[in-house]
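Taking it in order: structure first as structure tokens, then the write-up.
The values are calculated or read from the model by the stated rules, or taken from the named source; none is laboratory data. Since the structure is predicted, the reported quantities are computational estimates derived from the model, not experimental observations. Positions of Cβ are backbone-derived with ideal geometry, glycine not excepted, and every protein chain shown enters the neighbour counts. Side chains included, ligands, DNA and RNA excluded: accessible areas come from the protein's heavy atoms. Shrake-Rupley method; radii C 1.70, N 1.55, O 1.52, S 1.80 Å.
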Amino acid sequence: PLLDFYTVPIPAHSNSNLSVRQQIVDRRINPGIHKPFYWNNYFAPLFQYYNMSGTTDRDSDNENMFDPLEHSEESQSQGGSSNHSRSSNRNPNLNVSDIGVDMINEIIAAQLVQDREHQDPTLLRQGFISPSDTIQAPNTQERTPLWKYRLTLYRRRNASAHSTTMLDLFKSFALNLLHKDKQASILPMAAEHATFTHITSVKQVQAMDTSRMKIYFTPWARNQAKSLSGELYIQSTFHPDTFREAQAMGEWLVAHEYDARPSISQTEEMRVIGCLLYSNHFIQRDNLKQAIIDDPSWNPENEDDFGMFHLTLRNFSVDESDSSIRIIFISAEISKMEKMTKFFSDLYDGSPKRYPYCAPFLFVPLYKCNLSREFRMQLIRMHKDRVGDSVKATTIKGWHSLDTTVILKTADGRPAPSTIKEILLGLPASTGMVTHLLFNNIEPQINSDFYLAVYAAENEELLEARLPSLTKDIYKLLAPGEAVKFFIDPSRGLSFGKDIHQLIPENALFQGNASPSSALQLQRITTMARAPSTKRTSTGLLPTPRSTRQRPTGATAETNLTATYSGIVQTNRSFHTPTTSYSRSSTETTEVSIIYERRFVSIETQMHEQKEQQAQMNIKLDTLDEVAQESNSLIKQMMDDLKLTSSSSTRGSKRDKPSGEDQGDTDIMMTSGKKILP
């Protein structure tokens, strides 16, 4: 039997020059022959003994391999009919019920281990096949690891315009990824959709529509149509650090002018919780984020998982057709949206204090609330009153690090420490400027020693006239001997570069069940929005003249700077401070405040419409008065030509006659050469 054949112990042996087949035949005839360790244990069962030995062995082997049931059927057929006889040339039936493969495999594996232990490496194995050479060893090669991560796509700045839709861009990206990586797949974004189908084939991509795409892709903008800027969740053999290389997705990213980076949070999805009013597109968001994290209010209890946030630049608008402002939005993890909303509401609450990055922004919450059209218009008005309709930047250098501390001159002689950035951002605006301060923010540049000084585009002419005396104005603020700490070269002062024109073009009250943090912050903003807006010059279709808007209350009327620190301290007081303290944040108080605010906005809108209607009516009446006066002049001229006289010298509108005067019509008495009697 085969089991005996494989389980025979291996005594000492010598090499044989016979072939493996011949050795197996000899072992069959003479079982006492020692079995060499190098017999091919996998090939041995494949040899059919009836092909190796004589006819007697072949018949006996074939008989042992017959199926018992078939053998009984043949016996019955032979007894019933002499016509059915067993053919000597009948092929053997090799079907068996159990050949003991599992047991044989275990025996073979144990035998191979024993053979390797007793094998002499110096033995010559010419003409023989070692079991270790022919055994089908398991595949020990490690499979390529699969990386699962969230990926964010950024459309590069100044990218060329195109007409490709967001759906077509998504299909192009997915097809290219599946072509480059056969094991890649695109997963659903939300955790509650984890059991949804993964995108793994070309057919799935081709059948994709806009509604289904939202499951696998989260765009940045709400009405995004021709951009693939957003977040995806993919599984690929490409490592996140090598995703942008040429062998991965580098060609597609360069061709479509995109950049790809791993998302800030790899554990869960991040969503927008609010925006920062008074911000602009020149601000270095990485520096601002680091300044917020370094602030003492961030993670005061040193929690291991306090949370994370991400800053992005987006459009804040009323709707698609109205104007918008481009400001910074804040995103947070879904599980910590309420916590982050409360943190930023307390940090950027609009009160006069020191802010991170010297940027007194105002946080507008968007978590669990919808801002109405009227309230959004008020916020846009507040933003433009503070920073201008659009912003520009000019390049300046000549000072040390913006964090350098210098001493200012004060009236009482006490030292007043401040940083260079606080001094620059605290410079008051000149007379006639539309903003309170000269600069909105100061930003460093990469690979350049020049800084970007951002200002309102409406102040461009007045700023150019102010720059020559800017160094002198700063000298007046510094204490004796502090100019060396401020200026790199005190004798030269500041140096100015070329203006950088980056205008933001004009693009095409609170409702909802808001969270407590969002409701409290919106109440603060509502108080600020109630302040009367400063009248701005209407541009219309005519060229925009230089603005002559009055300076806000409390601002100095002179452009010369005083040698006191009060002008610098008032940097953070350019906005209205809330006068009402809100100690309750219950749902009832929030709903009452919302009702009052909506009524206030409605009344204000009605009054504004009535004033416009009254102005239009006055214009029409003035036009009628002019027509009446012209008619009177013509009638008088005709009467003079015809030598006629009238008892009433003028005929006009009754509303122009003084009160108490006879307003009845006087008949015109005409005569032909006769005297008019009284």
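Worth pointing out:
- Here ASP449 qualifies as open to solvent by 30 Å² or more (accessible area, probe 1.4 Å) and either touching a strand residue (DSSP E or B) at 6+ places or on another chain (Cβ under 6 Å) or modelled with pLDDT of 95 or more (or both).
- Evaluation of VAL113 against the conditions (1) at pLDDT 90 or above; (2) open to solvent by less than 100 Å² (accessible area, probe 1.4 Å); (3) out of contact with any Ser or Thr (no Cβ under 6 Å at 6 or more places or on another chain) shows that the sole unmet condition is (1).
- Within region 451-473, the only residue that satisfies the criterion of being in contact with a helix residue (DSSP H, G or I) (Cβ under 7 Å, 6 or more places away or on another chain) and closer than 18 Å to ILE420 by Cα is TYR455.
- Enumeration of residues in region 367-385 that are touching a Phe, Trp or Tyr at 6+ places or on another chain (Cβ under 7 Å) and assigned to a loop (DSSP other than H, G, I, E, B): CYS369, LEU371, SER372
- Filtered residue count, region 126-155, keeping only those that are open to solvent by 100 Å² or more (accessible area, probe 1.4 Å) and modelled with pLDDT under 90: 9
- Region 264-279, residues that are open to solvent by 10 Å² or more (accessible area, probe 1.4 Å) and either touching a Phe, Trp or Tyr at 6+ places or on another chain (Cβ under 7 Å) or of a type outside the set (Val, Ile, Thr) (or both): GLN266, GLU268, GLU269, MET270, ARG271, VAL272, TYR278
- Search result, residues across region 165-190 that are part of a loop (DSSP other than H, G, I, E, B) and under 20 Å from the mean Cα position of the chain (by Cα): THR165, PRO188, MET189, ALA190
- Residues of region 393-410 satisfying the condition of being within 15 Å of LYS421 (Cβ to Cβ), out of contact with any helix residue (DSSP H, G or I) (no Cβ under 6 Å at 6 or more places or on another chain) and in a strand (DSSP E or B): ILE396, LYS397, THR405
- Residues being over 16 Å from GLU268 (Cβ atoms) and surrounded by 13 or more Cβ atoms within 10 Å (Cβ to Cβ) - total across region 190-206: 8
- Residues that are closer than 18 Å to HIS193 by Cβ and of a type in the set (S, T, N, Q) within region 203-226 comprise GLN204, THR210, SER211, THR218, listed in sequence order.
- Check on PHE375, modelled with pLDDT of 95 or more, within 20 Å of ARG524 (Cα to Cα) and open to solvent by less than 20 Å² (accessible area, probe 1.4 Å): no
- Only listed residue being more than 17 Å from the chain's Cα centre (by Cα) and open to solvent by less than 10 Å² (accessible area, probe 1.4 Å), chosen from LEU362, LEU288: LEU362
- Members of region 314-330 that are modelled with pLDDT under 95, under 27 Å from GLU268 (Cα atoms) and either over 18 Å from the mean Cα position of the chain (by Cα) or open to solvent by less than 10 Å² (accessible area, probe 1.4 Å) (or both): PHE316
- Matching option when the condition is open to solvent by less than 10 Å² (accessible area, probe 1.4 Å) and more than 22 Å from ILE488 (Cα to Cα), among GLY426, GLY388, GLY413: GLY388
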